[in-house]
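Participant: The structure that follows is given in the form of structure tokens.
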Amino acid sequence: MDEQAAKIRIAQLREILRENSRRYYVDNAPTMSDYEFDLLMHELERLEADFPQFDSADSPTHRVGSDLDAPVGANAEPLSRQGFVQRPHRYPMLSLGNTYSIEEIEEFAARSDKTLDGIPFSYSCELKFDGTAICLTYRGGKLIQALTRGDGIQGDDVTENVRRIASIPQQLHGDFPEEFEIRGEILMPYAAFDALNREREAQEEAPFANPRNAASGSLKLIDPEEVAHRGLICTLYHIPAESVSFASHAEALDAAESWGLPVSGERRLCRDIAGIKAYIDHWDKERKFLPYATDGIVIKINELACQRALGYTAKSPRWAVAYKFKAEQACTELLGIDYQVGRTGAVTPVANLAPVQLSGTLVKRATLNNADQMALLDIRTGDWVYVEKGGEIIPKITGIDPSHRAAGAQRPVFPDRCPDCGTPLVKAETEAKWFCPNQDGCPMQIKGRLLHFVSRKAMDILAGEATVEQFYDAGLVRTAADLYDISKYQLLSLEGWQDRAADRFLESLEASKQVPFERVLFALGIRYVGETTARGIARHFGGVDAIAEATQEQLSEIDDVGEVIARSVYEYFRNPAHLEQIERLRKAGLRLDGAGAETALSDVLAGKTVVISGNFSISRERMKELITAHGGKAGSSVSGSTAFLLAGTKPGPEKLKKCEKLGIPVVSEEEFLAMLPESQPAGSGLPSGGVSAAERGRLFSPPEGKPADAGVVGNGEAVEELTLF
Ligand code: IVH
């Protein structure tokens, strides 16, 4: 690779890794498997080693992924977005170097041998728990603080939540040191995870993708009482050597166990690489029977003096390494390939498979990523292929089984024209994907962009795939701005639309005019601008006009906006059609500048935790925003600290029962809106006020005679493709 190509690839990799790190640690919604992430990280490490002139201290290869949310306001005590106080770690909380190859574990052992130069040592082999890291501090035997890893330097103070986790003792017994830190993992066992997702689905809330996300999301709940009901457990695996005076890691953990702390029981001391391999082989099979998720094995040098001698890099200890298991695979027949066009025009080959069971679900389709990947696999129709699940729910094809190949099996031909509109496809040298360049005329792209615009995390308009399709087919809508021109009369002329459904759609359209600017920016669907990037750009520039005028250099001044994103944003605003769209959206009344969703409207709900259940005249997401904007907290399960249950139509029967049992009041939407002050500052970004409570409080029941998806709030969230395989 020449210098210029390396420079571009390094910049791309850094952006991809930063964005995915945020999705993993902050949003709890990764879109890439750990394996892919690790491969890209290793590619970046190699490139930085080969081209040291482009290495930089703030590269993700030298930084620990951060779970800290963007802090807001200039508080004396910095707060994360969810309102947790951020506190410094006494000792940095680092991550672990990882590998998928036994050879690299052998290299780790050989390196340690060499540095320790004859000093005898052993290895502590442990499970690598797949949850969220926690750092506990005990003083005088009492739990005094619990911090998340955060960015490794400071973490969110989640002490009150951690106090609600049953396996973490508040008080130690025995011969504990006066003050010490101990670190470990908070996990959600599979059984608790399944129960939580069942409950969320019943409440029309998005299920968590995996137990890790569920654990870290639960740890950052606002209401500690809710944490108590999430079934979290804890396992502890590390006492920083600086904080105690033991000779070995094993001794330290044994002692911790004797003080009553939950220490991982599957540890084994191994003398040599043969012992390590036996431990790995054992757990690679047995881990399937554990009640919680693990993603590998951690191998640590056991003697603390040796650990000190080996020391640390900026990111991880030299005395430990993680061997990661590859994701579970299944093998099945490839029936055929569809070519899907995304909202950005990227063409993705999607395999249709003979249905096969994989990690608990029946898989029928899997992505093949791009043409290069298909060529690399040398895939043929009728092949038997290996499927794996990535970070997202969509599985992917990772290999083929050549022994099953029929003689004369044909290579599928990647189309040279858009499968939807027939335009010749194009591919930039630095991209892995082929694109349909017909942005303004390709129906799949147009519908994809509309679907993204209306999605819950964007404008939260009551329309899903079938509705968008119907609007498109009827010729009503081509761009987001067209949505705001739709009349009730036009809606009623469409098949399956009745009065109530039309009103609900138009109400959600009206409510979307109050969506904060940062979400409008996200809704525009600018390439590479995900939710978090949009928030960063919106807060930095304050309004769409300033963004449109910004140079690429000014755009790249924002944290984590690199060359690729800056260019994408810059180019977006150089397109006259986009500017015209924005003008129409401005005229329609959308918020194209101003503060985020945190704008306070009143403090009438200060100190109150409100649990919501059922359906409302606005989406549940926006109802929660309304609660926070009036000073309250939105909780999701009823407990002693719940102020009241805000019940829409069809509230959860379990929640109602619990309220009755605990004597907690149940409040209707109408009553709730009546509690809020009638007026609010103009452009404050949220509904309520001004309009009469009775009108706003109009309840509705599920739609009748509507198109299949029209009752769905928060349709398939379109996620930008960032994988550059
Ligand atoms: S030791 C200085 N032991 O894996 C490093 N970490 O990818 C101390 N993890 O941040 C960590 N199981 O959250 C250690 N048995 C184990 C672990 C473990 C899971 C996590 C931990 C760490 C991450 C690194």
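The values are calculated or read from the model by the stated rules, or taken from the named source; none is laboratory data. The structure presented is a predicted model; accordingly, all values stated were derived computationally and were not measured. Methodologically, a virtual Cβ is constructed for each residue, glycine included, from the backbone with ideal geometry; neighbour enumeration extends over all protein chains shown. These accessible areas exclude ligands, DNA and RNA; they are computed on the full protein's heavy atoms, side chains included. Shrake-Rupley method; radii C 1.70, N 1.55, O 1.52, S 1.80 Å.
Participant: Straight-line reach from Lys277: which aspartates and glutamates have Cα under 13 Å away, leaving out those fewer than 8 places along the same chain?
Facilitator: Glu103, Glu104, Glu106, Glu126
Participant: Using a 1.4 angstrom probe on the protein heavy atoms only, line up Ser556, Ser112 by accessible area, largest first.
Facilitator: Correct descending sequence by accessible area is Ser556, Ser112.
Participant: Name the longest site-free stretch of the chain, where the excluded sites are GluC sites (Glu not before Pro) in a DSSP loop with no more than 10 other beta-carbon atoms within 10 Å.
Facilitator: 179-428
Participant: Quick check: at a probe of 1.4 Å, how many percent of the accessible area of the chain sits on carbon and sulfur atoms?
Facilitator: 52
Participant: Starting from 0 in steps of 10 Å, tell me what percent of the Cα-Cα pairs of the chain lands in each bin.
Facilitator: Computed distribution, short to long bins: 3, 13, 22, 26, 21, 12, 4, 1, 0.
Participant: How charged is the neighbourhood of Gly631? Take every other residue with its Cβ under 10 Å from the Cβ of Gly631, and add Lys/Arg as +1 and Asp/Glu as -1.
Facilitator: Counting the neighbours of Gly631, the net charge comes to +1.
Participant: Right, next: Under the classification rounded if a/c is under 1.5, otherwise prolate if a/b is larger than b/c and oblate if not, where does the range 316-377 fall, given a ≥ b ≥ c as square roots of the Cα gyration tensor eigenvalues?
Facilitator: oblate
Participant: For Lys655, go through the lysines and keep the ones whose alpha-carbon is under 24 Å away, minus same-chain ones fewer than eight residues off.
Facilitator: Lys220, Lys608, Lys624, Lys633
Participant: Further question: Test of understanding: express the Cα radius of gyration of the range 370-519 as a ratio to 2.2 N^0.38 Å, with N the residue count.
Facilitator: Against the empirical 2.2 N^0.38 Å value, I get 1.41 for the range 370-519.
Participant: Just by accessible area at a 1.4 angstrom probe, what is the order of Val477, Val85, Val604 from largest to smallest?
Facilitator: Val604, Val85, Val477
Participant: Add +1 for every Lys or Arg and -1 for every Asp or Glu among the other residues with Cβ under 15 Å from the Cβ of Glu48, and state the total.
Facilitator: Around Glu48, the surrounding residues sum to 0.
Participant: Right, here's the next one. Averaged per residue, what accessible area in Å² does the range 396-537 show with a 1.4 Å probe, protein chains only?
Facilitator: That works out to 42 Å² per residue.
Participant: In Å and from the alpha-carbon atoms only, list the Rg and Dmax of the range 257-381.
Facilitator: Expressed in Å, the Cα Rg and Dmax of the range 257-381 come to 21.5, 60.
Participant: Give or take rounding to whole Å, what are the principal axis extents of the alpha carbon atoms in the range 491-559, in descending order?
Facilitator: Principal-axis extents of the range 491-559 (Cα, largest first): 51, 21, 20 Å.
Participant: Over 22 Å between Cα atoms: which of Lys288/Lys389; Lys324/Lys433; Lys142/Lys315 fall into that group?
Facilitator: Lys324/Lys433; Lys142/Lys315
Participant: Compute all pairwise cysteine Cβ distances in the chain, then list the cysteines with no distance under 4.7 Å to another cysteine.
Facilitator: Those would be Cys125, Cys135, Cys234, Cys270, Cys306, Cys331, Cys659, since no other cysteine Cβ in the chain comes under 4.7 Å of theirs.
Participant: In deg cm²/dmol and to the nearest 500, what is the mean residue ellipticity at 222 nm of the chain if only DSSP H runs of at least 4 residues count, each as -39500 (n - 2.57), divided by the residue total?
Facilitator: Counting only the DSSP helices, I get -10000 deg cm²/dmol.
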